[in-house]
Amino acid sequence: MTDDLRSLEAETAAAIAAAPDLRALEAVRIGVLGRNGSLTALLKALGAVPAEQRRERGAALNAAKAAIEAALEARRTELEAAALEARLAAERIDITLPPRPAAPGTAADGSIHPISRTMEELTAIFGAMGFTVAEGPDIESDWHNFGALNIPDHHPARQDHDTFYLPGPDGRRPVLRTHTSPVQIRTMLTQPPPIRVIVPGRTFRADHDATHSPMFHQVEGLVIGRDITLGHLKGCLIDFLRAFFGIRDLPVRFRSSYFPFTEPSMEVDIGWNRRSGELGAGGDWLEILGSGMVHPKVLANCGLDPREWQGFAFGMGIERITMLKHGIPDLRPFYESDVRWLAHTGSDPLSPASLHGGV
Amino acid sequence: MRFTLSWLRDHLETEADARAIADTLTRIGLEVESVEDRAAALGGFRIARVVEAVQHPNADRLRALKVDIGDGRLLSVVCGAPNARAGMIGVAALPGAFIPGTGITLKAGEIRGVTSEAMMLSAREMGLGDDHAGIVELPGDAQVGESYARWAGLDDPVIEISVTPNRGDALSVRGIARDLAAAGLGRLKPWSAPAIAPAYPSPLKWTIEDPRACLWVLGRAVRGLRNGPSPEWLRRRLLAIGLRPISALVDITNFFTFDLGRPLHVFDVAKVKGATLAMRMARPGEELAALNGRTYALTAEDGVIADAAGPEALGGVIGGEHSGCDETTTECFIECALFDPVRIALSGRRHDIRTDARARFERGVDPHLLPAFLDAATRMILDLCGGEPSEVSEAGAEPAWRREATLRFHRVAALGGLDLPPAESVARLERLGFAVTARDEASVTVAVPSWRNDIAVDRSAYRAGGGGLALARELPPERAAAVAAGVAAVEPEADLVEEVLRLGGLDAVPPVSLPVLAAVPEPAWTPAQARAALARRVLAARGMKEAVSFAFLARETAALFGETPDSLRLVNPIAADLDQMRPTPVASLLLAAARNAARGFPSVALAEIGGAYRDTTPQGQAAIAAGVRTGHTPRHWAEPSRPVDAMDAKGDAMALLAALGAPMAGITAAAGAPGWYHPGRSGVLRQGPKLVLATFGEVHPKVRAALGLDGPAVAFEVFLDAIADPKRRRKGVPELPPFQPVRRDFAFLVDGSVAAEALLRAAKGADKALIAEVSLFDRYAGDRLPPGKVSLAIEVVIQPRERTLTEAEIEVVSQKIVAAVGKATGAVLRT
């Protein structure tokens, strides 16, 4: 590299470093790389260089150009960040000022999400039957979500869950709970029977299509006592379904099924018309929830002697019963937060669900 | 599990139709997914003979046919098929029939001057395939006039049931027949194994090198056979349930998989290397080229069937391609084995292989009848392929599956809620194959049949379902022992109660409303839950729309809002942009706002009550009420539109805190909001010096840009867990002084950096007895003031308590205010 080029590079670097703002930096750029810039002039003069030196000289000029451009860019980023910082600092407001007396909107603009609405209705109805609401974390241990519920690692039922896992040692990886059932376990471990709880909450499964969302909501129910029978399970669920859907004579059908955490297990159908979607009539059956008598092993895993205590549990999809009750055709908009959908489907913030007001 | 009605009738004597059978199956827990009556769509199609076929007088490509449909008439039919000719037998549709292949209902008509009173059909028109080269041609012995569906064997409804994971026995036609018979629908036909006389020593021997690989295995060779296509009845059955017929030997193994729930495998003896088949665990580096065309790298946890050359099958899951049977096979070796269900489940899952064999072995197959099933399969091979059978080679032994269970009759009512006479309970169990070994007035003890691996599982050495106990670690030892004893005592009984109830249908159990615990129930919500519900309403009442969004989002997005620990990154996200647990619901809401803006709705107000995740512990999940506002306030003649600002967010957070019972008098605003807020236009709301209850402010322009939000955006978070449960105290008697309050205004000139809150606090504290309220009503910064100064104007409410104050006394209070404010903030009264 020749001395002229070396000194040009050094001078430019100093000028770039010294540029106090973006305008000054731009001036440096034009002075060196602009149409009449000093480096541009050297590049133009390349033609006059003797052929045997031209190649070497060209490479040196290009390297210098690249180095200067990189330095300009680095400084530009620096100055921009500083300018933004300065602007933000200048924009400082007194955050201790009292806010305005009124919000920019009113209850007429706001709405309660249909999932929350349904959870409140569930609380009102089950609350009247003596249930309280229990909750648990979204991230669960493998034991709470599977093992304690009599779902061992190899069980075929477990594959159907398509569980989301978080990093951890094999077999003890935390999971995003696949159902609200782990709260059954948490409740039995902390609360002496008799127990009547419902557990509404978020649940997660690795499934995403028109009828499945990777996150959805379930409500779990758990009743433990000394003399709770399958007859109570049926009575309780029939009472709930008829109240929730507001159909006094809603047909409810119970079918034998299998879940690892209940025995006997059953699925519950309600009567509807498949074509019109009308509930309560039509002669078709729609599966709506799973239930059963709590499995003796589940009771034992939580320290309850199954010779002494028994009861029932159930679980149902909150979106599902919400869609059925309100005739909402599609699952996906529940989580998209489209304000048009929220305005249309949401409910009035000033009328909470209550039994006296009617759910 | 699919089967046809006629197949079921091989095992079940019944006149019931498919509908009645389906209803019963669903009632007893074998849920019917579908009943497919293939004949219904073909109902109107009759076998017909073409009596005459001549060239259509007015169309080159058409023929005019006379067709005999078996009722004495000769119908005129115009037909374009090139193969239509006199004497052929085909299928005709009459007017009114729906043609599945074209979607048209047939009408009689006239085609270029010739009447057409029917239609001769191609396979495609009948919806039975793609063949449309010509009309269907049937063999000469087909009966003219007969229903085509019946002739073709398609009048056999196909029933599909979904079988729950505990019922391996119901993955067989015989098992389904048994359940139906036990439920009172039909009678189970007897079944017994045929006798097989061995003609030569087995050319292959079994060894079990590793007991983990196999429990018990039988094998027998058949030589001198011919492995051609299966007979029509077998092909039809397999096709009906969705299996492709391959060759007689393969079809026979598939038949037994479904007929008896007994997966079998047949090796081609000529292709097996050496004279021994070994059950062992796979060795490092071993692979299997499987029948499905894929090659699997085996692990030391996979049990294999190996010959001298290496693995020939992944035992119980899938066979190998190399030693399978094909049309050249003349000697086969039938494998009838019993595997550990858990190992099969894990191997199948590890390699993601779903086969009919795996489905049965992992649920458990009959551990007893292996010799009988091997004989049955041998018989069918001899019948369909000829040849002669060898002796049986055997290794391992029948596991100790025999066990008993006891039912105390009162438990049917006490657990199941159904009053049932003891005799009926016993009869139901016996119909299911349980054998009574002891009975008294109060209870019955039964032997569990070999095919019911789901009953009294812990007492069987061949365990499919149930995995023992998984007791909570915190249980004291004596408690653990007691509950384990409880399970051992009652679980088998619960199994039997379930069987008894199931067979009668659960609809027979009378529903009973839950007993009332208290005339008026306790509150269902804890105070924290009630607070979350209130938060939702307060925010919605301030015009926000409540949203519910995914708890995970893209890691890069999450990183804009704080830490993204690896421990909160999903191992198996469903999409790359849903892989990190969110650090705050604000992230989800801003993403939603950006989506709304892209749809043409730049001004939104969204709120969410949901989780923010710090770590994987229950305490690591914070309950947060979050909200965002974007864009501008509405345009209105009386109220100009303006961009939303930090004070809107602060207003939301303060209103929420107040509604939730936070001690508002002690709450101060301070800097220190997270970095995703604008550093100069955000803050936290603190109770005392440390406890942060909320954050609020303008969203940092960089974050807005990263999310694609062009306009103004503000946000807040309220940490619901941080707010203490308000104490439920009786409200005291309110202080209602009879003296009018006095209002005085003060305007202070103060340095721009002084917090308004400091000034208000100083004024309020100037005379605690008399000053009831202080509020800021004006703030001015501008040309008329010295640079760097602002004017803050406050209204002070002075509340006399004992007597009306004199002007002088009021003046004293005023002086105190000016002094206190001056001392605290350096402010001076504007004059």
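Readers should treat all values here as calculations from the given coordinates under stated rules, not as data from a laboratory. Source: prediction; values computed, not measured. Note that we place each Cβ from the backbone using ideal geometry, even for glycine, and neighbour counts take in every protein chain shown.
What is the sum of charges around B:Ala438, taking Lys and Arg as +1, Asp and Glu as -1, for the other residues whose C-beta is under 13 Å from the C-beta of B:Ala438?
Local charge sum for B:Ala438: -1.
Looking at B:Pro573, B:Ala84, B:Gly386, which one has the Cα that reaches farthest to the positive end of the dipole of the protein assembly as shown (charges on Cβ: Lys, Arg +1; Asp, Glu -1)?
It is B:Pro573.
Could you tell me the center-to-center distance, by alpha carbons, between the stretch B:62-91 and the stretch A:245-280 in angstrom?
So the separation of the two Cα centres works out to 53 Å.
Quick one: in the stretch A:3-90, what % of C-alpha pairs are over 18 Å apart?
Of all Cα-Cα distances in the stretch A:3-90, 48 percent exceed 18 Å.
Under unit Cβ charges (Lys, Arg +1; Asp, Glu -1), what dipole magnitude, rounded to 20 debye, does the stretch A:3-90 have relative to its Cα centre?
320 debye
State, as an integer percentage, the relative contact order of chain B based on alpha-carbon contacts under 8 Å between residues 6 or more apart.
8 percent
With Cβ to Cβ distances under 15 Å as the rule, what net charge do the other residues near B:Val50 carry (K, R +1; D, E -1)?
+2
So what's the back-of-envelope 222 nm ellipticity for chain A, counting only DSSP H runs of four-plus at -39500 (n - 2.57) apiece and dividing by all residues, rounded to 500?
Result for chain A, helices only: -12500 deg cm²/dmol.
Looking only at other chains, what is the average number of their beta-carbon atoms within 10 angstrom of each beta-carbon in B:529-538?
Mean partner shielding for this stretch: 4.
Evaluate the charge dipole of the stretch B:543-623 about its Cα centre and quote only its size in Debye, nearest 20, assuming +1 on the Cβ of each Lys and Arg and -1 on the Cβ of each Asp and Glu.
240 debye
Roughly what would the spin-label model give for A:Arg248 and B:Ala133, points 7 Å off Cα along C-beta, in nm?
It is 6.8 nm.
Please give the peptides B:611-617, B:622-628 ranked by average Cβ packing (other Cβ atoms within 10 Å per residue), highest first, as a rough proxy for protection.
B:622-628, B:611-617
Normalised by the residues of the stretch B:537-645, what does the relative contact order come to in percent, with Cα pairs under 8 Å and at least six apart?
Reported relative contact order: 24 percent.
Once you keep just the Cα pairs under 8 angstrom separated by 6 or more residues, what percentage relative contact order results for the stretch B:326-429?
20 percent
Which residues does a label at B:Glu327 reach in the stretch B:218-238, if reach means a backbone N under 14 Å from a point 7 Å past the Cα toward the Cβ?
Flagged as within label range: B:226-230.
Given a Förster distance of 60 Å, report the FRET efficiency between B:Ala671 and B:Ala275 from their Cβ-Cβ distance, rounded to the nearest 0.05.
0.10
Among B:Leu370, A:Thr203, B:Leu503, pick out the residue whose Cα is farthest towards the positive end of the charge dipole of the protein assembly as shown, where Lys and Arg carry +1 and Asp and Glu carry -1 on C-beta, about the Cα centre.
Farthest towards the positive pole: A:Thr203.
Cβ under 14 Å from A:Ala63's Cβ, A:Ala63 left aside: what net charge do those residues give with Lys, Arg +1 and Asp, Glu -1?
Net charge around A:Ala63: +1.
For the stretch B:734-776 and the stretch A:187-226, what is the separation of their C-alpha centers, rounded to whole Å?
Cα centres, the stretch B:734-776 to the stretch A:187-226: 52 Å.
Counting only other chains, and only Cβ atoms inside 10 Å, what mean value do you get across the residues of A:110-123?
5
Summarise the partner chain shielding of B:20-28 as one whole number: the mean count of Cβ atoms from other chains within 10 Å of each residue's Cβ.
1
Using modelled backbone amide H atoms (1.01 Å from N, in-plane), which distant-in-sequence or interchain residues come within less than 5 Å of B:Ala97's amide H?
Answer set, sorted by chain and number: B:Leu106.
Answer with one residue from B:Ala282, B:Pro231, B:Leu249: the one whose Cα lies farthest towards the positive end of the charge dipole of the stretch B:170-314, charges on Cβ with Lys, Arg +1 and Asp, Glu -1.
Towards the positive end, the residue furthest out is B:Pro231.
Set the Förster distance to 41 Å, then compute FRET efficiency between A:Glu91 and B:Trp637 from the Cβ-Cβ distance, nearest 0.05.
With a Förster radius of 41 Å, E is 0.85.
Would you mind classifying chain B by shape? Square roots of the alpha carbon gyration tensor eigenvalues, ordered a ≥ b ≥ c; an a/c under 1.5 is rounded, otherwise it is prolate if a/b is larger than b/c and oblate if not.
It is prolate, given that a/c is not under 1.5 and a/b is the larger ratio.
Pop a pseudo-label 7 angstrom from the Cα along the beta-carbon direction at both A:Asp227 and B:Ala508 and give the gap in nm to one decimal.
Inter-label distance under the simple model: 2.4 nm.
Starting from 0.36 nm per residue, how many nanometres of slack lie between A:Ser276 and A:Asp207 once their C-alpha separation is accounted for?
Going from the current span to full extension adds 22.1 nm.
Given C-alpha coordinates of the protein assembly as shown, what is the ratio Rg to Rh with the Kirkwood estimate of Rh?
1.09
Mind ordering B:484-494, B:447-457 by average Cβ neighbours within 10 Å, highest first?
Ranked from most to least packed, the peptides come out as B:447-457, B:484-494.
Tell me what chain B gives for mean residue ellipticity at 222 nm when only DSSP H runs of n ≥ 4 count, each as -39,500 (n - 2.57), the sum divided by the residue total, rounded to 500 deg cm²/dmol.
-8000 deg cm²/dmol
Roughly what would the spin-label model give for B:Arg779 and A:Leu350, points 7 Å off Cα along C-beta, in nm?
3.1 nm
Once the piece of chain linking B:Arg403 and B:Asp577 is laid out straight, how much longer is it, given 0.36 nm per residue of separation minus the C-alpha distance between them?
Net length gain for the segment: 57.4 nm.
Restrict the search to the stretch B:1-71; then list the GluC sites (Glu not before Pro) that DSSP places in a loop and that have at most 14 other Cβ atoms within 10 Å of their Cβ.
B:Glu15
Out of the stretch A:90-178, which trypsin sites (Lys or Arg not before Pro) are coil in DSSP terms and have no more than 11 other C-beta atoms within 10 Å?
The qualifying sites are A:Arg172.
Using Cα centres only, tell me the gap between the stretch A:83-140 and the stretch B:261-335 in whole Å.
61 Å
Sort B:131-141, B:714-724 by the packing proxy (mean of other Cβ within 10 Å over each peptide's residues), most packed first.
The peptides rank, most packed first, as B:714-724, B:131-141.
What FRET efficiency do you get for A:Ala63 and B:Ala559 if R0 is 45 Å and r is their Cβ-Cβ distance, rounded to the nearest 0.05?
0.80
How many percent of the alpha carbon pairs in chain A exceed a separation of 31 Å?
So the portion of pairs separated by more than 31 Å is 56 percent.
Are there any trypsin sites (Lys or Arg not before Pro) in the stretch B:723-831 that are in a DSSP loop and have at most 10 other Cβ atoms within 10 Å? List them by number.
Here the trypsin sites (Lys or Arg not before Pro) that fit, given the DSSP loop and packing criteria, are B:Lys727, B:Arg728, B:Arg729, B:Arg730, B:Lys731, B:Lys768, B:Arg784, B:Arg803.
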